[in-house]
Amino acid sequence: MNAYDSRKMADVLAPMGYNEVDEPEGADMIILNTCHIREKATEKVFSELGRLKKHKQDAEKEDRKVLMAVAGCVAQAEGDFIAERAPYVDMVFGPQSFGTLPEMVAEATGAYGKKRIINTDFEEEDKFDKLPEETIATGPTAFLAVQEGCDKFCTFCVVPYTRGGEYSRRPEAILDEVKALRDQGVREVSFLGQNVNAYHGLNADGETKSLAELMLMTAEIDGIERIRYTTSHPRDMQDDLIESHAHPKVMPYLHLPVQSGSNKILKAMNRKHERDLYFEIIEKFRKVRPDIAISGDFIIGFPGETDQDFEDTMDLVRQIKYSSAYSFKYSPRPGTTAAKMGGIIREDIKDARLQELQALLNQQMRDFNEQTIGKELPTLFDGTPREGQLYGRSPYNQAIYVTGHPRLDGQMDTVRITGTNGKSLMGELVLL
Ligand code: 5AD
Ligand code: SF4
């Protein structure tokens, strides 16, 4: 979502004459887009700012001005603190307010005296209306926010506080954006939202469209070959979304975080479901697409997590068999309910549990990747990491490296998988 927001900031600033550069050296504006989801977010921002400050100071020696900004969820949560501790920062704004960047930049550089901008207002209702319709594609895959924010209030999570309540964009606006991206060569769209399967966009006729309906409408658009979405919540999983995976353009990949396999911990996390619901959902997906790749998120060492609770998580992982997953040590986040809970788990126990879980998940990833060896998979090429080499993704979201010509970049082709290093795949082009 942050990568998407950064792109949108570039789109908003383009009409003002700004364009993106690869390095901060010589830039007229530096925006640090930040994430607040896990530990040390604020410290990381200050150490990064310390490094970036040099570019502003260097420019000042040459009598050149550099605007420095902190954006995103750390800005949202700690705006005043950043402004106080980093006086060289000109603009601080949250993830809901960058649609007004032109106004903020005008004020910050104002001809009648420049003003420091601290903008952490919540305007989630019209955030998307303020963004330009024109999206500049950066390759054959495009990320599109369709939903933002969350009302779930999992006890460990800052998202409902930093990104606000759940909000769904209008389907027509999304489909127009997809068509504009398609015209620029985009073949794959990935719908984004903190809680994307809670999507319920109201169309011009006053009808509510589900994520599955949105995806099936997208599948009708010529030139779009692949549709993905992330991230989902088990409680919002609807049968029509599961069934949409029968459509050949809906990719056989699901990222469905469970966080813990222990019912006691799930309750303390306020996940609003038990482990059985997770098993039922995965079973339904596998009925529709037996080959579907399952991914998830896990938090280890949540307050009160016993050896047995952890074992329940390991057991869930063993039963599900993930193709990939993200796992984190629990870290208390400011303002969340869990941050006030007793039963804090010692750091060395968290470390040991995380290691054990990650060893299992890595083995499952290797197993998943190994079973694709020898298969011929449609691959969307999205980059040329080295001369004579192409990078692409399989339908299951595996990274594939192939020897091939750069002219195939941005195209879809069939690749025979020849090997894996556990994490990514090697393959060769199938000449049909
Ligand atoms: N501590 C550790 N991990 C967290 N996540 C969210 N909040 C926390 C936290 N306080 C993880 C969850 C979520 C992912 C985006 O980040 O697993 O799904
Ligand atoms: Fe955070 Fe996801 Fe829970 Fe919402 S559903 S509070 S975004 S972990």
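The values are calculated or read from the model by the stated rules, or taken from the named source; none is laboratory data. Given the structure is predicted, the values throughout are model-derived calculations rather than measurements. So basically every Cβ, Gly included, is an ideal-geometry build from the backbone, and we count neighbours across all protein chains shown. Accessible surface areas use protein heavy atoms only, side chains included; no ligands, DNA or RNA. Shrake-Rupley method; radii C 1.70, N 1.55, O 1.52, S 1.80 Å.
Numbers at a glance
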item: Percent carbon-and-sulfur accessible area, the range 376-429, ignoring ligands, DNA and RNA, probe 1.4 Å; result: 44
item: Calculated FRET efficiency for the pair A246/E280, C-beta based, R₀ 25 Å, to 0.05; result: 0.85
item: Loop sites in the range 19-82: trypsin sites (Lys or Arg not before Pro), DSSP, at most 10 other Cβ within 10 Å; result: K40
item: In nm, spacing of pseudo-spin labels at I136 and A14 (7 Å Cα→C-beta vector); result: 0.5
item: Average projection area in nm² (convex hull over Cα atoms of the range 46-185, one quarter of hull surface); result: 11.0
item: For peptides 336-345, 237-246, 191-200, 146-155, sequence by mean Cβ density within 10 Å, most packed first; result: 191-200, 146-155, 237-246, 336-345
item: For the chain, share of DSSP beta bridges that run antiparallel, in % to the nearest 5; result: 40
item: Amide N proximity, the range 394-419 versus N362 label position 7 Å along Cα-to-Cβ, cut-off under 18 Å; result: 399
item: Local electrostatic count at A212 - Lys and Arg +1, Asp and Glu -1, tallied over other residues with Cβ under 10 Å; result: -3
item: Calculated FRET efficiency for the pair V288/A106, C-beta based, R₀ 41 Å, to 0.05; result: 0.20
item: Set of aspartates and glutamates near K423 by C-alpha distance (under 12 Å), chain-local residues within fewer than 8 positions excluded; result: D367, E370
item: Among the listed pairs K152/K267; K264/K329; K40/K272; K44/K114, those beyond 22 Å (Cα-Cα); result: K40/K272; K44/K114
item: Protection-proxy order for peptides 25-34, 73-82, 352-361, each taking the mean of Cβ atoms within 10 Å per residue, highest first; result: 73-82, 25-34, 352-361
item: Mean-position separation - Cα centroids, the range 174-249 and the range 1-71, in angstrom; result: 31
item: Relative frequency of Cα-Cα separations exceeding 27 Å in the chain, percent; result: 58
item: Approximate spin-label separation K340-K321, in nm, with each point projected 7 Å along Cα-to-Cβ; result: 4.5
item: Residues with amide H under 5 Å from that of L425, placed H, sequence gap 5 or more; result: A399, I400, Y401
item: Other-chain or far-sequence residues with amide H under 5 Å of V92's (modelled H); result: V70, I117, I118, N119
item: Within-13-Å neighbourhood charge of R116 [Cβ basis; K, R +1; D, E -1]; result: -2
item: Diffusion coefficient, µm² s⁻¹, Stokes-Einstein with Kirkwood Rh over alpha-carbon pairs of the range 70-111 at 10 °C and 1.306 mPa s; result: 150
item: Mean-position separation - Cα centroids, the range 311-352 and the range 378-428, in angstrom; result: 34
item: Computed label-point distance, nm, for sites E43 and V430 using a 7 Å Cα→Cβ extension; result: 5.0
item: Whole-number accessible area per residue in Å² for the range 267-345, which is evaluated in the context of all protein chains at 1.4 Å; result: 46
item: T414-R116 FRET efficiency (beta carbon distance; Förster radius 45 Å; 0.05 resolution); result: 0.20
item: Sequence of E48, E43, E177 from largest to smallest accessible area, 1.4 Å probe; result: E43, E48, E177
item: Positive minus negative residues near R271 (Lys, Arg vs Asp, Glu; Cβ under 13 Å); result: +2
